[in-house]
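Following: one structure in structure tokens, then a few remarks.
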Amino acid sequence: MSEHVWLKRVIYFLLIALLIAGIKGFSLYRKAFAPNIFTKDKKEVYLYIPTGSTYKDVLELIRTENLIRNTQSFEWAATKKNYPNNIHPGRYKVKNRMSNNEFINILRSGKQDPVLLTFNNLRTEKQLANRLAEQLEIDSPDIMKYFQSDSICEEYGFDKYTFKCIFIPNTYKVYWNISVDGLFDRMLSEYDAFWNKKRDRKVEEIGMTKEEVITLASIVNEETRKDDEKRRIAGVYMNRLNKGIRLHADPTVIYATGDFSMKRVLRKHYRINSPFNTYKYAGLPPGPICFPEISSIDAVLKYEKHKYLYFCAKPDFSGYHNFAKTLKEHNRNAELYRRELNKRRIYR
């Protein structure tokens with residue numbers, strides 16, 4: 001065989017080898033870097049991997065969500081990147097047309113997308129627990145155990161009536177799989193941060209504790225949704241407290257009954273034996289009757305100074321109130337409101 005023919009054969013085999021290597025390399029590249037994650041309507045979605053999940057569980061979740069076009073290539077890439085031994089629970093953002101490599105890198109690193117945790121317009125711990133459980137991995141009964149445990153309440157520096165104070169309605173970034181311990185620790189941290197020097201100074205000026213401020217704010221919060229009226233209502237209650245007059249706050253009676261559908265408080269309700277019934281017991285209730293908005297808390301801290309001792313909802317049902325300095329004036333306002341309730345057939 002001539003040297004020329006031999007050289008041609010060598011070049012031929014090299015070209016074949018390069019072609020095969022190129023095809024194989026391209027195939028491997030596609031397995032790792034070509035788009036393989038396709039979301040519904042091409043929108044961002046979230047994959048929730050529960051605590052304790054195995055690699056098999058994750059594969060089942062991905063199949064259920066119908067995220068992967070080529071399962072075989074995903075499993076190949078996952079194995080190559082040792083993902084089966086690096087499962088991290090959490091909430092992960094999934095973008096349309098992600099590659100196996102990009103998707104697995106996020107899952108393997110545990111780089112979660114936080115939940116924007118919100119809760120508002122809630123009265124009871126049970127309502128809060130249910131709302132939190134809707135947004136997080138933890139279950140509502142586990143949250144309730146904290147509220148119901150005297151020792152845990154004391155550990156955080158509160159009692160069973162005031163423990164709810166640490167949950168100030170706002171928007172918080174937390175991880176979906178945060179533990180119950182982690183959640184309460186975080187809320188206590190936010191509570192401490194909320195009470196900055198400026199608010200602490202106001203607490204001292206009005207002669208109340210932080211828990212008392214929040215308790216009064218919870219009553220104000222239930223009395224009105226009008227921010228421009230909250231300071232005046234807070235002022236009425238401060239006047240009554242300072243004069244030793246019972247608060248006679250209807251929202252506390254409603255809270256005592258547990259019937260939040262009630263639209264009209266009757267005389268029979270005034271006799272309910274509950275520490276939250278401010279018609280029966282003097283002073284503030286032992287704790288908040290809801291989770292008051294920040295605007296309500298600040299309204300108490302900056303309550304309006306005036307001489308009003310009474311207020312009653314306006315009969316036009318605007319949500320605003322008529323204020324009075326004397327009982328005689330208040331009774332006239334109350335009678336107008338009662339007539340309107342009867343006219344609208346609101347009897348309870």
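Tabulated values for the structure
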{"read-out": "Interchain or long-range residues, amide H under 5 Å from ASN36's placed H", "value": "MET98, SER99, ASN100"}
{"read-out": "C-alpha long axis of helix 100-109 to longest principal axis of the chain, angle in °", "value": "50"}
{"read-out": "Distance violations [Cα-Cα > 20 Å] among LYS160/LYS226; LYS173/LYS202; LYS164/LYS210; LYS126/LYS230", "value": "LYS160/LYS226; LYS173/LYS202; LYS126/LYS230"}
{"read-out": "Relative contact order (%) - segment 89-164, alpha-carbon pairs under 8 angstrom, separation at least six", "value": "19"}
{"read-out": "Length added when fully stretched, ASP159-ILE272, from 0.36 nm per residue minus Cα-Cα", "value": "38.4 nm"}
{"read-out": "Efficiency of FRET from Cβ geometry, ALA34 and THR79, R₀ 22 Å, rounded to 0.05", "value": "0.80"}
{"read-out": "Angle between the chain longest axis and helix 125-135 axis [Cα atoms, degrees, rounded to 10]", "value": "20"}
{"read-out": "Packing-based exposure ordering (other Cβ within 10 Å, fewest first) of THR71, THR171, THR278", "value": "THR171, THR71, THR278"}
{"read-out": "Expected 222 nm ellipticity per residue - DSSP helices of 4 or more, -39500 (n - 2.57), all of the chain, to 500", "value": "-16000 deg cm²/dmol"}
{"read-out": "Residues GLU222, GLU65, GLU134, sorted so that the one with the fewest Cβ neighbours within 10 Å comes first", "value": "GLU134, GLU65, GLU222"}
{"read-out": "Kirkwood hydrodynamic radius of segment 52-168, Cα pairs, Å", "value": "17.1"}
{"read-out": "For the chain, the spread of Cα positions along each principal axis, largest first, Å", "value": "125, 46, 34"}
{"read-out": "Table column - 3J(HN,Hα) (Hz), segment 268-274, Karplus curve with 6.51, -1.76, 1.60, x for Gly and Pro", "value": "4, 6, 5, 8, 4, 8, 8"}
{"read-out": "The chain: relative contact order in percent, alpha carbon pairs under 8 Å with at least 6 residues between", "value": "14"}
{"read-out": "Set of segment 79-109 residues, backbone N closer than 20 Å to the point 7 Å along the Cα-Cβ line of LYS43", "value": "91-98"}
{"read-out": "Net lengthening on full extension, ARG225/LYS302 (0.36 nm per residue, minus Cα-Cα)", "value": "26.0 nm"}
{"read-out": "Approximate spin-label separation LYS145-LEU59, in nm, with each point projected 7 Å along Cα-to-Cβ", "value": "3.3"}
{"read-out": "For segment 186-196, Karplus couplings with θ = phi - 60° (6.51, -1.76, 1.60), whole Hz, Gly/Pro x", "value": "5, 5, 5, 5, 5, 4, 5, 5, 4, 7, 6"}
{"read-out": "Segment 34-113: relative contact order in percent, alpha carbon pairs under 8 Å with at least 6 residues between", "value": "46"}
{"read-out": "Most fluctuating residue given options ARG91, ARG131, ARG201, as computed from a GNM of the chain linking Cα atoms under 10 Å", "value": "ARG201"}
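No lab work stands behind these numbers, since they all come straight from the coordinates. Predicted model, so just to flag it, every value in this text is computed and none were measured. Positions of Cβ are backbone-derived with ideal geometry, glycine not excepted, and every protein chain shown enters the neighbour counts.
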